[in-house]
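Remarks on the structure that follows.
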Amino acid sequence: MNNMTTQQFNDAMQASLGFAVKQTSHIEAGVYRTKYPELNYAELIPVDTSAGEFVKSVTYYWMDGAGAAKWLNGNGKDVPLVGAQMAQHETAVHTAGIGYGYGFEEVNQARLLGVPLDGEKARLARRAYEEMVYNVSLNGDADKGFEGLYSYTGVPQASVAADGTGNSTLWENKTPDQIIRDVNAALTGIVTATKETELADTLVLPTERFNYIASTRLTDSTMTILEFIQKANVYTAQTGRPLTIRGKRGLLTKGAGGTARMITYRRAPDVLKLHIPMVHRFFPVQIEGFQFTIPGMFRLGGLDWRLPKAGSYRDGI
């Protein structure tokens with residue numbers, strides 16, 4: 001290749017690069033505005049992005065204590081004191097990535113025709129990020145030692161009452177009243193376990209069970225079981241605020257013995273949070289041979305369930 005040919009190729013490459021950079025900037029702006037309702041993990045778990053983007057871990061301290069007041073002599077010195085214990089917890093942060101790319105011919109054809117580059121690859125990359133974070137936050141990741149919302153060490157677990165037809169725990173074999181009781185028992189179980197310091201405001205059900213109570217009417221009523229629970233649950237009765245109820249895939253076999261699991265908890269950052277020190281971002285276009293590559297990176301620290309007793313698992317539904 002002579003010098004003139006080399007110069008022409010370099011000029012064409014630079015023109016193509018300039019076009020690709022301009023196009024990807026526009027594409028990425030649109031991609032970041034796209035929402036995926038079915039992957040909305042932030043609806044269930046508070047997300048914390050406050051840590052530095054390249055921290056190796058996130059450390060927090062947990063304190064618990066107890067004490068009892070008693071009657072005193074006004075001149076006495078035996079004032080009772082509370083006892084407290086503090087524990088340090090550390091969550092590792094790991095790097096992951098997903099990007100996209102265009103071929104040299106693809107870029108030049110779009111440039112010469114005056115048409116924009118297709119943004120579908122960027123949308124697919126962004127969705128792949130959302131899917132990974134969704135799965136890690138709900139199911140954890142064994143390779144990285146992450147636990148998820150669906151199964152977290154320390155969260156109290158029990159099976160629902162086996163008083164359905166044939167001594168069954170399954171909701172399909174229970175009356176609407178028994179199902180409503182199971183839900184309220186899960187909500188009040190948190191109150192009991194924490195000596196009335198916690199009250200669950202969120203209920204997560206397997207999609208199949210959510211659909212069942214959403215389509216099954218109460219006896220001699222036009223109201224469904226779900227509608228009744230939304231209006232008459234212990235959380236709403238005590239606070240006047242609505243109970244968040246969601247159906248999520250993947251819970252049908254998360255309970256003991258591979259049974260369906262119901263989760264209740266208080267959704268708040270002091271109870272649980274998902275660490276994402278670096279939210280997914282695309283980096284500048286890079287030329288690799290005849291490929292224009294747009295790398296993407298994010299850093300994920302997993303789920304911290306800081307107050308396990310503010311949650312409850314109820315299996316067998």
- Item | Within the stretch 131-232, helices (runs of 4 or more DSSP H) holding 3 or more residues that are touching a strand residue (DSSP E or B) at 6+ places or on another chain (Cβ under 7 Å) and free of Cβ contacts under 8 Å to residues at least 40 places away in the same chain | 207-215
- Query: In the set L113, L170, L138, which member is more than 31 Å from the chain's Cα centre (by Cα) and not hydroxyl-bearing (S, T, Y)?
  - Reply: L113
- Boolean, L252 is farther than 22 Å from T188 by Cβ and either touching a residue at least 40 places away in the same chain (Cβ under 8 Å) or touching a Pro at 6+ places or on another chain (Cβ under 6 Å) (or both): yes
- Does T236 fit the bill of being in a loop (DSSP other than H, G, I, E, B) and at negative phi? no
- Item | Every residue from the stretch 246-288 that is under 18 Å from E198 (Cβ atoms) and not small (G, A, S) | M262, I263, T264, Y265, R266, R267, P269, D270, V271, L272, K273
- Query: Got at least one residue in the stretch 175-197 being within 27 Å of the chain's Cα centre (by Cα), within 22 Å of E43 (Cα to Cα) and acidic (D, E)?
  - Reply: no
- Filtering the stretch 37-79 for residues that are at pLDDT 80 or above, small (G, A, S) and either assigned to a strand (DSSP E or B) or surrounded by fewer than 14 Cβ atoms within 10 Å (Cβ to Cβ) (or both) leaves a count of 5
- Message: Residues that are loosely packed, with under 15 Cβ neighbours inside 10 Å and part of a helix (DSSP H, G or I): does the stretch 93-109 have at least one?
- Response: yes
- Can you confirm whether the stretch 271-278 contains a residue that is at pLDDT 95 or above and more than 18 Å from the chain's Cα centre (by Cα)? no
- Message: Against the condition surrounded by fewer than 21 Cβ atoms within 10 Å (Cβ to Cβ), of a type in the set (D, E, K, R) and modelled with pLDDT of 95 or more, how does E198 come out, does it pass?
- Response: no
- Which one is surrounded by the most Cβ atoms within 10 Å (Cβ to Cβ), of the residues in the stretch 110-122 that are in contact with a strand residue (DSSP E or B) (Cβ under 8 Å, 6 or more places away or on another chain) and in a helix (DSSP H, G or I)? A122
- Query: Where residues in the stretch 124-170 are touching a Phe, Trp or Tyr at 6+ places or on another chain (Cβ under 9 Å) and β-branched (V, I, T), which of them is nearest to V47 (Cα to Cα)?
  - Reply: V133
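Select, from R299, R267, R281, R246, the only residue that is of a type outside the set (V, I, T), outside any loop (DSSP other than H, G, I, E, B) and surrounded by 15 or more Cβ atoms within 10 Å (Cβ to Cβ).
R299
The values are calculated or read from the model by the stated rules, or taken from the named source; none is laboratory data. This one's a predicted model, so the numbers in the text were calculated from it and none came from an experiment. For neighbour counting, all protein chains shown are included, and Cβ atoms are generated from backbone atoms with ideal geometry for every residue, glycine included.
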